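The values are calculated or read from the model by the stated rules, or taken from the named source; none is laboratory data. Bear in mind that the values here come from a model prediction, so they are computed numbers and not experimental data. Virtual Cβ from ideal backbone geometry, glycine too; neighbours counted across all protein chains shown. Each accessible area value is taken on the protein alone, full model and side chains, heavy atoms only, with ligands, DNA and RNA left out. Shrake-Rupley method; radii C 1.70, N 1.55, O 1.52, S 1.80 Å.
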Amino acid sequence: MIKKYYLLSPGPTPVPEAVLAAAAEPIIHHRTPEFSRIFMETTEGIKYVFGTKEDAFILTSSGTGGMEAAIVNTLSPGDKVIAINGGKFGERWGNICKAYGLSCKEIVLEWGRDFTKDELEAEIKADSGVKAVFATLSETSTGAVYDVRGFGEVVSKTDAILVVDGISGVGATACPMDEWNIDVLVSGSQKSFMIPPGLAYIAFSPKAWKRVETSRLPKFYFDAVKAKKNLEKRTTPWTPAISLVIQQKKSLDIIKEMGLEKLYAHHRILAESTRAGIGALNLEILAQKPGNILTAVKTPPALDGVKLVKVMQDKYRAYIAGAQDPNKGKFFRIAHLGYMGAFDVITALSALELALADMGYHFEMGGSIKAAENIIKENWT
Ligand SMILES: *Cc1c(COP(=O)(O)O)cnc(C)c1O
């Protein structure tokens, strides 16, 4: 049997055909006017999606490298920081901070639970001398989206900087860096930016740049001062991932042509149709405030959640994502970000229905498809 593969995970995500083809272009040398032009246009595109007038830097690493760059460039040993830990990726902020010897107060939330700006304000007030607050726009392990705009209102009134992991969210949901008072914004290439894994993006506000000047944590490869000096010369300190930059420029062309408002509306329709489908199956969504990037769904208590995902992946080749440790099996995650369309939602729901039926769950076959189609029909343009 032909086993067609359906990538429906929240990263890596599918890559548009024209962007895939760009990877096959011959390698050009990176210290040339030709590459500089592509590099600077790509940088401009990242700034557009980030909503910032500040420089945006392209790092050769996965998203986590961008998170590490945010920390090593703005902080000094022993600095007091707060990390909002609502899942696997919020937890990573705390882990990197601890690895660098920072004094990190982690706010550990039950997975899927929201965290408000008022709660953050109380945490900051409870502690004097907080140098940075680490937050996540879209917590990819739970599907929750946090009130980053509200966090910006709170943190901008203090001496602390707000550092945001926008690795799955930026490009799928609004996160205008300058307008929302975000001091450091990080993203990565293999989620909403629609290219393969391998690049991270980072930008610093003027308030964060002041920190960069005095930061004493060790750094070399991810040194933002070196990156800035080189960007002024339209280049990078080290050999860039040339093909990925070329691919990113292609995919940013698609994004710019569509415009951010339309891009976010597209993700909203995909999310709403997915949620309607899930509701029709009488299944429950994990996140208190679900975002439009992915939908985490609780496994029905009678079923083995690890097996459910395995059936979808192995039998139907629908690569949705399971839940990460320590919640393996308790829920599963359907992605609808990046290069995805209405029929990716239908595919995911159909594979879910088939796997549920295989495992003896009782429901009306086709119900989720119908519910999703109704939303698509009303909203598609
Ligand atoms: C994917 C992801 C990361 C980790 O990025 P890597 O590219 O795997 O290093 C961090 N944060 C969030 C929110 C993510 O979705």
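With 0.36 nm allotted per residue and the present C-alpha distance subtracted, the residue 157-residue 24 stretch has 43.0 nm of extension available.
Computed about the Cα centre, the dipole magnitude for the chain is approximately 780 debye when only Lys and Arg (+1) and Asp and Glu (-1) carry charge, each at its Cβ. The slack in the chain from residue 34 to residue 325, taken as 0.36 nm per residue of separation less the alpha-carbon distance, amounts to 100.2 nm.
Taking other residues whose beta carbon is less than 12 angstrom from the beta carbon of residue 230, and scoring Lys, Arg as +1 and Asp, Glu as -1, yields +3.
What relative contact order, as a whole-number percentage, does the chain give when Cα pairs under 8 Å and 6 or more residues apart are counted? Please report the intermediate quantities before stating the final value.
On the way: 803 pairs, mean separation 87.4, N = 381.
Contact order relative to length: 23 percent.
Per-residue surface analysis assigns residue 29 an accessible area of about 110 Å², computed on protein heavy atoms at 1.4 Å probe radius. Across the range 32-113, C-alpha contacts under 8 Å between residues 6 or more apart give a mean separation that, scaled by the residue count, equals a relative contact order of 23 percent. Using a basic spin-label model with each label point 7 Å from the Cα along Cα→Cβ, how many nm lie between residue 127 and residue 229? About 3.4 nm separates the two model spin labels. Calculated mean residue ellipticity, 222 nm, the chain: -13000 deg cm²/dmol, from DSSP H runs (n ≥ 4) at -39500 (n - 2.57) each, averaged per residue and rounded to 500.
Figure the gain on full extension for residue 103 and residue 306 (residue separation times 0.36 nm, minus the Cα-Cα span) and round it to one decimal in nm.
Working: separation 203, 0.36 × 203 = 73.08 nm, distance 3.64 nm.
Result: 69.4 nm gained on full extension.
Express as a percent, rounded to the nearest 5, the fraction of DSSP beta bridges in the chain (both residues included) that run antiparallel.
Details: 21 of 42 bridges.
Expressed as a percentage, antiparallel bridges in the chain total about 50.
Among the DSSP helices (H) of the chain, those spanning at least 15 angstrom by Cα along their long axis with an average Kyte-Doolittle hydropathy of 1.0 or more are 342-358; this is a geometric and hydropathy rule only. At the residue level, residue 106 shows approximately 50 square angstrom of accessible surface with a 1.4 angstrom probe and all protein chains present.
Build a GNM of the chain with springs between Cα atoms under 10 Å apart, and of 186, 155, 225 the one that fluctuates most is 225. Evaluated with a Cβ-only charge set (Lys, Arg +1; Asp, Glu -1), the range 259-379 carries a dipole of roughly 240 debye about its Cα centre, given to the nearest 20.
Computed over protein heavy atoms with a 1.4 angstrom probe, the accessible surface ordering of 123, 110, largest first, is 110, 123. Normalised by residue count, the range 17-257 yields a Cα convex hull volume of 110 Å³ per residue. For the range 126-219, averaging the sequence separation of C-alpha pairs within contact (under 8 Å, six or more residues apart) and dividing by the residue count gives a relative contact order of 22 percent.
When each of the peptides 292-304, 142-154 is scored by the mean number of other C-beta atoms lying within 10 Å of its residues, the order from highest to lowest reads 142-154, 292-304.
Think of the range 177-315 as having a plus end and a minus end, set by charges on the Cβ of Lys, Arg, Asp and Glu; of 287, 248, 301, 248 sits farthest toward the positive end of this dipole.
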